[in-house]
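Engineer: Supplied in structure tokens, the structure appears directly below.
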There are 4 protein chains.
Amino acid sequence: MKILITGFDPFGGAEINPAFEAVKRLPDRLGEAQLIKLEVPTVFEKDGVVLERAIEAEKPDVVLCVGQAGGRSVISVERVAINLMEARIPDNDGQQPMDQKIKEDGENAYFTTLPVKAMVKNVKEHGIPSSISYTAGTYVCNDIMYRLLYLIDRTYPSIRGGFIHVPYLPEQVRELPDGTPSMSAELIAEGLRWALEAIISQKDEDIKEAMGTIM
Amino acid sequence: MKILITGFDPFGGAEINPAFEAVKRLPDRLGEAQLIKLEVPTVFEKDGVVLERAIEAEKPDVVLCVGQAGGRSVISVERVAINLMEARIPDNDGQQPMDQKIKEDGENAYFTTLPVKAMVKNVKEHGIPSSISYTAGTYVCNDIMYRLLYLIDRTYPSIRGGFIHVPYLPEQVRELPDGTPSMSAELIAEGLRWALEAIISQKDEDIKEAMGTIM
Amino acid sequence: MKILITGFDPFGGAEINPAFEAVKRLPDRLGEAQLIKLEVPTVFEKDGVVLERAIEAEKPDVVLCVGQAGGRSVISVERVAINLMEARIPDNDGQQPMDQKIKEDGENAYFTTLPVKAMVKNVKEHGIPSSISYTAGTYVCNDIMYRLLYLIDRTYPSIRGGFIHVPYLPEQVRELPDGTPSMSAELIAEGLRWALEAIISQKDEDIKEAMGTIM
Amino acid sequence: MKILITGFDPFGGAEINPAFEAVKRLPDRLGEAQLIKLEVPTVFEKDGVVLERAIEAEKPDVVLCVGQAGGRSVISVERVAINLMEARIPDNDGQQPMDQKIKEDGENAYFTTLPVKAMVKNVKEHGIPSSISYTAGTYVCNDIMYRLLYLIDRTYPSIRGGFIHVPYLPEQVRELPDGTPSMSAELIAEGLRWALEAIISQKDEDIKEAMGTIM
């Protein structure tokens, strides 16, 4: 089994992005699975181009993209990506799209094809907080997740794909308001590892467990 | 102009729901617009049946549904509903659906057809905190929003429709952890009023303003 | 019975201070008690001078000072003031003391002589969130509370005195991060009113109820 | 130089306490300083007895006590302890004191004699979030800090002493509400290490830097 795992480069004036910091700490193999690590640009559309090129080259069985969700406290496994670009700040190429579709001919949203409940459960069982999220936002993280799932839907139906949001690193929150959560790169990497382990072993359908919201 | 505005009945052991508490405080007219207020059951699917019946009877130009988002601090205007029922607690009929589609033949998601940015802007300009949300959750609030937008998509294309999540009432947070935000029913009603005013005056397309996330 | 109740003027670039906004909405009488309302300057030491002058002139039985605690979500009744001035931003006279005692000859701290538990209980019973706080901070709020209790300790042993911190107003949090709690001036005033009612009726010692922390 | 560092045992139904988990990960020497590690009971008064016995036996130059502050997100250096026991839950001996003084003949409060600003600064400079706190609560953490500072004031004036509160461990927050911050034991231990380094090198008075509140 081959797994392509991506992390974004730093953006918004930051010098570091917890996503790739954690991804690069992962081993090259996890049991039977080979891990291909890729840093992707925090740029609308170009993130998808870089991703597609890597998919073509590597022919992975699984693609897991990872990004930063500043303010979240847990390993946050995304369930859905929406067909919308709405940026609060410019991306690394200076673009700031608003009210635009990612793909004119795409669905309004795509659901991940990864076993999100098994992933959350396995991360938690190994001592690391985790939960399912039902919004990947409207910035570049949602963008790459949507492009990945569009690509799977149109061209690579056998690939399983999805997205994980991770907290700030401790060093990033030093000047932010008291109470802003963070997680060390080591612990994020460990969380990703257990999420990947669940992806590897849970090949069929996801486990059954109530992981919804009460809104 | 005729506006149908709904609020859920209490659920999860609560004796009160801020949604209908606020809705019933609204006037019967707002300028040119007539307001029809409706309490809907916190029950998957039945919420949509009650809603559809009211739409048939009233033939409104606008439908705005309102629900509680415990823990949120602002008038939270939803942009998208997803085709998923995933309940963390049973609804008022004891159902707790998981991993189920709301509509087998529906889109993965529907975007609201209300001018969400104009709504947020107008609420804030009148002194009340507000923002756009990109997840209505996976419980009954997302359910009614999805069913409304499905109905509009299929049967009532001229109706504009959407959803607003509102905070807990002050009395609901008394035994919750310190820091849990709340908003008085009077202030929520005032927020809804300014949101409605924006819906009434912003008949064409929405204003342009960056209201995305930075995840 | 005569009660002197104070609220600070706006500071830190704000145009409004929830403390005096709420205080001025209070009635002039509460049952048997007369309320004297006083706006005090957000200035270290001068706050105490203005307060002392009013105490001399009015000879109140109770003094309750009120101030803003941006970020708190409840009517927050303070139990203790410490002998320390440590300002993160300059006060309204441009002073920014650090590591300084408020009173060279004062105690390290003074406990309030108000029935804080009865106050919290009464506010909550009337539907408004409230709790005891064990820190009034190190800015002007702690300063006036300490100066009041020092004055009571030295000169006016028959006066009962204390301090209440209140949340931001809704209009103040519009541009702050989502999740920042607020409370309307009307509801804060109502909360103060029930706190005052407890002060008026609970003349002897406080009620017994566990209201500590679990740190 | 000899440093006595203590951590509480688990309480409130927990199986683990981040305080001693971190303390036991510290080395036995830090440069010139020898570290003596001690687990103390989460029991009012007995914590102080155990502490005093260790001080008598070890004759340390510095005493640093460490405890859990569930919900805080940073290495939280306490500046003051108050003469009050007010427990929300029973301690490990089943006691739940309320409205009681810790020491009948003690001051209302004691300020730490550690260089708290240098400690916070050094922890942050090494990439770990940290801030000063002005309340150690009213449970056993405040209890041991108060007893330590009382002892220093009365009997051991040459000892420098203080307290640090640390976040939950990641495994502790798995079933707590999303958003509850945590920190790995490794990172907490690293934070304590940099705090200790500042204590060791900052032997005279503390650095000057504004670290107050804006309440």
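What follows is calculated from the coordinates using simple rules that are stated; it is not laboratory data. Note that the structure is predicted; figures quoted are calculated from it, not measured. Glycine gets a Cβ as well: all are built from the backbone with ideal geometry, and neighbour counts include every protein chain shown.
Engineer: Report the antiparallel proportion of the DSSP beta bridges in the protein assembly as shown as a percent, rounded to a multiple of 5.
Structural biologist: 25 percent
Engineer: Sticking with this structure for a sec: Can you pull the mean other chain C-beta count within 10 Å for peptide D:123-136?
Structural biologist: That average works out to 5.
Engineer: Take D:Ala14 and A:Glu56, extend 7 Å from each Cα along the Cα→Cβ direction, and tell me the distance between the two endpoints in nm.
Structural biologist: About 5.3 nm, to one decimal.
Engineer: So what J values fall out for region D:134-142 if you push phi through Karplus, 6.51 cos²θ - 1.76 cosθ + 1.60 with θ = phi - 60°, rounded to Hz, Gly and Pro as x?
Structural biologist: Per-residue couplings from phi come out as 10, 8, 9, x, 9, 9, 6, 5, 4 Hz.
Engineer: Give the long-range amide H neighbours of C:Ile36: residues separated by 5 or more places, or on another chain, with amide H under 5 Å away, using H modelled in the peptide plane at 1.01 Å from N.
Structural biologist: Amide H to amide H, under 5 Å and 5 or more residues apart or across chains, C:Ile36 pairs with C:Ile3, C:Leu4, C:Ile5.
Engineer: Could you identify which residue out of B:Arg160, B:Arg193, B:Arg174 has the top mean-square fluctuation in a GNM of chain B using Cα springs shorter than 10 Å?
Structural biologist: B:Arg174
Engineer: Right, another one. What fraction of the DSSP beta bridges in region B:2-201 is antiparallel, stated in percent and rounded to the nearest 5?
Structural biologist: 25 percent
Engineer: Give me the percent of DSSP beta bridges within region B:1-117 that run antiparallel, rounded to the nearest 5.
Structural biologist: 35 percent
Engineer: So what is the calculated 222 nm ellipticity per residue for the protein assembly as shown, using -39500 (n - 2.57) for each DSSP H run with n of 4 or more, over all residues, to the nearest 500 deg cm²/dmol?
Structural biologist: Helix contribution divided over all residues of the protein assembly as shown: -9000 deg cm²/dmol.
Engineer: Just grab the label-to-label distance for A:Ile89 and C:Asp93, each label 7 Å out from Cα along the Cβ direction, in nm (one decimal).
Structural biologist: Modelled inter-label distance: 4.0 nm.
Engineer: Shifting gears a bit: Before anything else, pin down the relative contact order of region C:2-201: Cα pairs under 8 Å, at least 6 apart, normalised by residue count, whole percent.
Structural biologist: So the answer I get is 29 percent.
Engineer: Separate question: If you find the alpha carbon centre of region A:74-118 and of region C:53-90, how far apart are they in angstrom?
Structural biologist: If we compute the Cα centre of each part, the gap is 47 Å.
Engineer: Can you give the average number of partner chain beta-carbon atoms within 10 Å of each beta-carbon in peptide A:91-101, as a whole number?
Structural biologist: 2
Engineer: Please list, ordered by chain and number, the residues whose modelled amide H lies under 5 Å from the amide H of D:Gly161; skip anything fewer than 5 residues away on the same chain.
Structural biologist: Distant-sequence amide H within range of D:Gly161: D:Val63, D:Thr113, D:Leu114.
Engineer: Starting at the first residue of region B:76-92, write each ³J(HN,Hα) from the Karplus equation 6.51 cos²θ - 1.76 cosθ + 1.60 with θ = phi - 60°, in whole Hz, x for Gly and Pro.
Structural biologist: 10, 8, 7, 9, 8, 10, 10, 7, 8, 10, 8, 9, 7, 10, x, 7, 6
Engineer: Could I ask something else about it? Could you pull out the GluC sites (Glu not before Pro) across region D:86-116 that fall in loop regions by DSSP (anything but H, G, I, E, B) with no more than 15 other Cβ atoms inside 10 Å?
Structural biologist: D:Glu104
Engineer: Reachable lysines from A:Lys46, Cα under 16 Å, same-chain residues fewer than 8 places away excluded?
Structural biologist: Qualifying lysines at Cα under 16 Å: A:Lys101, A:Lys103.
Engineer: Here is a further query. Across 10 Å bins from 0, what is the distribution of all Cα-Cα pair distances for the protein assembly as shown, in whole percents?
Structural biologist: With a bin width of 10 Å, the distribution comes to 2, 12, 20, 23, 20, 14, 6, 1, 0.
Engineer: I would also like to ask the following. If you take the beta carbon distance between B:Gln34 and D:Ile207 as r and set R0 to 51 Å, what does 1/(1 + (r/R0)^6) give as a FRET efficiency, to the nearest 0.05?
Structural biologist: 0.15
Engineer: Turning to a different aspect of this structure: Defining a contact as two alpha carbons under 8 Å apart and six or more residues distant in sequence, what relative contact order in percent does region B:1-106 show?
Structural biologist: 33 percent
Engineer: Also, quick follow-up: Which whole number in µm²/s is D for chain B by Stokes-Einstein, with the Kirkwood Rh taken over Cα pairs at 25 °C and 0.890 mPa s?
Structural biologist: 143 µm²/s
Engineer: OK, next. Which residue fluctuates most in the GNM of chain B (Cα springs below 10 Å): B:Thr113, B:Thr135, B:Thr155?
Structural biologist: B:Thr155
Engineer: Need the C-alpha centroid separation for region D:152-170 versus region B:149-215, integer Å.
Structural biologist: Answer, in whole Å: 49.
Engineer: Another question, if that's okay. May I ask you to order B:42-55, B:64-77, C:198-211 by the average number of other C-beta atoms within 10 Å around their residues, highest value first?
Structural biologist: Most protected by this proxy first, the peptides run B:64-77, B:42-55, C:198-211.
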